[in-house]
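The values are calculated or read from the model by the stated rules, or taken from the named source; none is laboratory data. These figures come from a predicted structure and were not determined experimentally. Heads up, the Cβs are rebuilt from the backbone with ideal geometry, glycines too, and the neighbour counts pull from every protein chain shown.
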Amino acid sequence: MKHTNRVDLRPVGSVDLIDLDIMSRFYGRDFLPYPFMLTRPSRFSTECDFNAYASTVPDRVDNGDLQIFRGWGGSYANADIRVECHVQYIPPDTASVRIVGHRAAQMGYLAKQRPGQDVVDVYELSPYDLGPAIADSVGLTKPGSRAEIVIPEYARKYARPIDNGYAAEDFSVKSAVVAQTATEVRRADVTAMATVQCHWRPTRRWGFDRGKNAIRFLQVKDDGEYIYAHDFSVARPMNQRTLAERTNELIAEDVKSLREFRND
């Protein structure tokens, strides 16, 4: 996979997901940051063994080897903006890409779960570089070769009207015309599906929030990556810059909402 770093990532350290899970509870959260996920069998044979291990983590955060993650963990718990990226390969014999970025005041962090491992690598970065950092980290190959594509099964699942002054009945006609100009791609040729989502409010559960704006992009076999239009009617070729810009748009929306909330 081609990969070009455009962002200054400063390593903080690497943390075991078991430790992160316990730290999350230490900071008052009941689940791991999405999309991080434990993928390996537990190394604890009994609940008593786990509880005994978990009891050591708070002191390790305060005084031991996990102290280097206090800035990251504490700021995530009170972050202004959180950005979540999940790339799911099809079939799932290639490990997913799982990335979480956040900003809190003038601090910025990016955390990436190692593919196929229950370890997260944590980096500091400028709080204004989250969009480019995520675009640099997802492992894009090349932009798709066709101007517009549509996958019929996904079109029915994702397409929705946008606030552009059209009535619902107008949208259904408009979207059908757009779809006719696009190249139809078989669902079986999609080799990866991905989402990027931004949050300013605390989330109440682990997972993708279907009630909130998101970016969806995909990879097509023997072709490249495409990103869905805002109304999800078609997908167009995507590179790192495109993904960074769209991610920055999501962040800007949530920054605006956060400012309005605080001003109220």
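Odds and ends about this structure:
- In segment 243-264, the qualifying residues are those that are touching a residue at least 40 places away in the same chain (Cβ under 8 Å) and either among the hydroxyl-bearing types (S, T, Y) or outside any helix (DSSP H, G or I) (or both), and the one that is surrounded by the most Cβ atoms within 10 Å (Cβ to Cβ) is T247.
- Scan of segment 134-165 for residues that are at pLDDT below 95, surrounded by fewer than 18 Cβ atoms within 10 Å (Cβ to Cβ) and at negative phi, ordered by number: P152, E153, R156, K157, Y158, R160, P161, I162, D163, N164
- Checked against the criterion of being within 27 Å of Y34 (Cβ to Cβ), of a type in the set (A, V, I, L, M, F, W, C) and either modelled with pLDDT under 95 or within 25 Å of the chain's Cα centre (by Cα) (or both), segment 171-188 has no qualifying residue.
- Complete set of residues in segment 211-242 that are part of a helix (DSSP H, G or I) and either modelled with pLDDT under 95 or of a type in the set (S, T, N, Q) (or both): Q240, T242
- Restricting attention to segment 226-248, the residues that are under 16 Å from the mean Cα position of the chain (by Cα) and under 16 Å from V150 (Cβ atoms) add up to 2.
- Taking every residue in segment 198-210 that is farther than 16 Å from V255 by Cβ and pairing it with any residue that is among the β-branched types (V, I, T) and not in a loop (DSSP other than H, G, I, E, B), at least 6 positions away or on another chain, the pairs with Cβ-Cβ distances below 9 Å are F208/T195.
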